[in-house]
Amino acid sequence: MSQHRILVLNGPNLSRLGKREPAIYGHTTLEKINVGIKKAFPDIAFDFFQTEDEGELLEKLFQVEDEGGCMGVLLNAGALTHYSIALRDAISAVGAAVVEVHLSNIYAREEFRSRSVISAVCAGVVSGFGEESYHLGVRALISLREQGGRQ
């Protein structure tokens, strides 16, 4: 991965965006979010990956560590956010900055959704701005890189 590349990881249920609980997550699909990110940041190469499988998500994070050279990772871990210690440990091991993103404001939702076990090991969290959460996350990764933050 090059220094101008960002890995965008999406976990369980995000393939259902636009169909699953649109009152909470909106009508935009994951594909439209990905296209919007590429359009908004044409000078950055993005690798997009979505999986329903926790192990595959971990493998992608390990790939970033093994290959190096990635500007950072934008991560919407979906429900894994709230309970995956394995994901937390993988994020801790990755040398690149990881920004946690969520479409909805997880802190204004049900109690079990208002706790993130991964936030403490991420460079930052963007939550509650819908599709714009992803754009803000990319801007955060760019800013971290410019400031010489965790890469």
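Name the single residue, out of those in the stretch 53-64 being surrounded by fewer than 21 Cβ atoms within 10 Å (Cβ to Cβ) and touching a helix residue (DSSP H, G or I) at 6+ places or on another chain (Cβ under 7 Å), that is nearest to Arg145 (Cα to Cα).
Phe62
What single numbered condition from (1) touching a residue at least 60 places away in the same chain (Cβ under 8 Å); (2) under 19 Å from Ser15 (Cα atoms) fails to hold for Val64?
In the conditions (1) touching a residue at least 60 places away in the same chain (Cβ under 8 Å); (2) under 19 Å from Ser15 (Cα atoms), Val64 misses (2) alone.
Can you name the residue in the stretch 87-104 that is modelled with pLDDT of 95 or more and in contact with a Gly (Cβ under 6 Å, 6 or more places away or on another chain) and is also nearest to Val126 (Cα to Cα) among such residues?
Val101
Buried (at least 16 other Cβ atoms within 10 Å of the Cβ) and either modelled with pLDDT under 85 or touching a Pro at 6+ places or on another chain (Cβ under 6 Å) (or both): does that describe Ile118? I'd like the intermediate steps shown before the answer.
Values: buried (at least 16 other Cβ atoms within 10 Å of the Cβ): yes; either modelled with pLDDT under 85 or touching a Pro at 6+ places or on another chain (Cβ under 6 Å) (or both): no.
Here the answer is no, as Ile118 does not meet what is asked.
Can you find, within the stretch 65-94, the residue that is surrounded by the fewest Cβ atoms within 10 Å (Cβ to Cβ) among those that are in contact with a strand residue (DSSP E or B) (Cβ under 6 Å, 6 or more places away or on another chain) and closer than 17 Å to Leu144 by Cβ? Walk me through how you get there before you give the answer.
Initial filter on the stretch 65-94 (in contact with a strand residue (DSSP E or B) (Cβ under 6 Å, 6 or more places away or on another chain)): 70-76, 91.
Then keep just the ones that are closer than 17 Å to Leu144 by Cβ; that gives 70-75, 91.
Values: Cys70: 24, Met71: 21, Gly72: 26, Val73: 24, Leu74: 26, Leu75: 28, Ile91: 23.
Per the criteria, the residue is Met71.
Select from the stretch 61-86 the residues that are over 12 Å from the mean Cα position of the chain (by Cα) and within 20 Å of Val125 (Cα to Cα) and list them in ascending order.
Of everything in the stretch 61-86, those that are over 12 Å from the mean Cα position of the chain (by Cα) and within 20 Å of Val125 (Cα to Cα) turn out to be Val64, Cys70, Met71, Ala79, His82, Tyr83, Ser84, Ile85, Ala86.
Checking Ile91 against (1) without any contact (Cβ under 8 Å) to a residue 60 or more places away in the chain; (2) more than 16 Å from Ile118 (Cα to Cα), only one condition comes out false. Which one?
Of (1) without any contact (Cβ under 8 Å) to a residue 60 or more places away in the chain; (2) more than 16 Å from Ile118 (Cα to Cα), only one is false for Ile91: (2).
Please enumerate the residues belonging to the stretch 121-139 that are part of a helix (DSSP H, G or I), touching a residue at least 40 places away in the same chain (Cβ under 8 Å) and surrounded by fewer than 21 Cβ atoms within 10 Å (Cβ to Cβ).
Result: His135, single match.
The values are calculated or read from the model by the stated rules, or taken from the named source; none is laboratory data. Keep in mind it's a predicted model, so treat the numbers as computed, not measured. Glycine gets a Cβ as well: all are built from the backbone with ideal geometry, and neighbour counts include every protein chain shown.
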